[in-house]
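S.K.: For reference, the structure I am asking about is given below.
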Amino acid sequence: MRIIAGRFRGLALASVGKGDAGAHLRPTTDRVRESLFSMLTGGRFGDPIEDARVLDLFAGTGALGLEALSRGASHVTFVDDGRKSLSLIRENVAKCRCKDEVTIVKRDATRLPEGTPHDLIFLDPPYGKGMGEKALASAMTGGWIAPGALIVWEENAEITLPDGVELLDSRRYGDTVISVCEMVD
């Protein structure tokens, strides 16, 4: 895994090999991450990354949030409760030398406390467990999602969007489906 573009371009991130099923680590591949960011920056959504406050739920290795930071986001909040994930996020933040631009929250993403609004949300829950819906509801209730925010949801099963969230685009990459949604309420 590596950062694809921006100020950290080419930086190799901490490796988890094929992932860690016990820790629910299933890193987004470079190819899917590159396609995702091409979709986001391709003009259809304006420039959702520049100066954005990013919320990375089920952050895993932190690769999605760090890619956004590399491409111009102002701050990233990583949320994960896995010991291995938190260790990888800290290691990757150290590699990027961006400690002052991130917040790491050790928390179950489905049970968020009150927070501050973010403009771009990455939601990459363990596949097929319905945790994405719970985390999104928790983030909405806790004030973590700004009006008009883009939500990028990675899943392998059908997703159910709550009221106030609209699907803008959806693309399949093998068994992974990337859905780009917008907070409309």
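The values are calculated or read from the model by the stated rules, or taken from the named source; none is laboratory data. From a predicted model like this one, the values you see are computed outputs, not experimental measurements. We place every Cβ from the backbone using ideal geometry, glycine too, and count neighbours over all the protein chains shown.
S.K.: Taking Ala157 as the residue in question, decide whether it is of a type in the set (A, V, I, L, M) and surrounded by fewer than 20 Cβ atoms within 10 Å (Cβ to Cβ).
M.R.: Answer is yes for this residue.
S.K.: Filter the range 98-119 for residues that are within 18 Å of Thr61 (Cβ to Cβ) and either buried (at least 17 other Cβ atoms within 10 Å of the Cβ) or in contact with a His (Cβ under 9 Å, 6 or more places away or on another chain) (or both) and give the result.
M.R.: Cys98, Glu101, Val102, Thr103, Ile104, Val105, Ala109
S.K.: I'm checking my understanding of the structure. Among residues of the range 121-134 that are more than 12 Å from the chain's Cα centre (by Cα) and of a type in the set (Gly, Ala, Ser), which one is surrounded by the fewest Cβ atoms within 10 Å (Cβ to Cβ)?
M.R.: Gly128
S.K.: Within the range 106-130, track down each residue that is out of contact with any Phe, Trp or Tyr (no Cβ under 7 Å at 6 or more places or on another chain) and free of Cβ contacts under 8 Å to residues at least 60 places away in the same chain.
M.R.: Lys106, Arg107, Asp108, Thr110, Arg111, Pro113, Glu114, Gly128, Lys129, Gly130
S.K.: Another one. May I ask you to verify whether Thr110 is assigned to a strand (DSSP E or B), β-branched (Val, Ile, Thr) and over 19 Å from Leu40 (Cβ atoms)?
M.R.: Spelling it out, it is not the case that Thr110 is assigned to a strand (DSSP E or B), β-branched (Val, Ile, Thr) and over 19 Å from Leu40 (Cβ atoms).
S.K.: On to the next question. Out of Ala139, Ala149, report the one residue that is more than 28 Å from Phe8 (Cα to Cα) and modelled with pLDDT of 95 or more.
M.R.: Answer to the selection: Ala139.
S.K.: Moving to a separate point now. Using beta carbons and a limit of 8 Å, which pairs, at least six apart or on different chains, have the first residue in the range 1-28 and at pLDDT 60 or above and the second one surrounded by fewer than 13 Cβ atoms within 10 Å (Cβ to Cβ)?
M.R.: Listed pairs, sorted by first residue: Met1/Ala12; Met1/Ser15; Arg2/Gly10; Arg2/Ala12; Ile3/Arg9; Ile3/Gly10.
Yes/no matrix, rows are residues, columns are (1) within 16 Å of Val152 (Cβ to Cβ); (2) surrounded by fewer than 18 Cβ atoms within 10 Å (Cβ to Cβ); (3) small (Gly, Ala, Ser):
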{"residue": "Arg7", "(1), (2), (3)": "no, yes, no"}
{"residue": "Leu40", "(1), (2), (3)": "yes, no, no"}
{"residue": "Arg44", "(1), (2), (3)": "yes, yes, no"}
{"residue": "Asp47", "(1), (2), (3)": "yes, yes, no"}
{"residue": "Asp51", "(1), (2), (3)": "no, yes, no"}
{"residue": "Leu57", "(1), (2), (3)": "yes, no, no"}
{"residue": "Gly62", "(1), (2), (3)": "yes, no, yes"}
{"residue": "Gly65", "(1), (2), (3)": "yes, no, yes"}
{"residue": "Asn92", "(1), (2), (3)": "no, no, no"}
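S.K.: Check Val180 against each of (1) assigned to a strand (DSSP E or B); (2) crowded, with 21+ Cβ neighbours inside 10 Å and name the one condition it does not meet.
M.R.: With respect to (1) assigned to a strand (DSSP E or B); (2) crowded, with 21+ Cβ neighbours inside 10 Å, Val180 is out only on (2).
S.K.: Val79 versus (1) more than 13 Å from the chain's Cα centre (by Cα); (2) buried (at least 19 other Cβ atoms within 10 Å of the Cβ): which is the lone unmet condition?
M.R.: Failing condition for Val79: (1).
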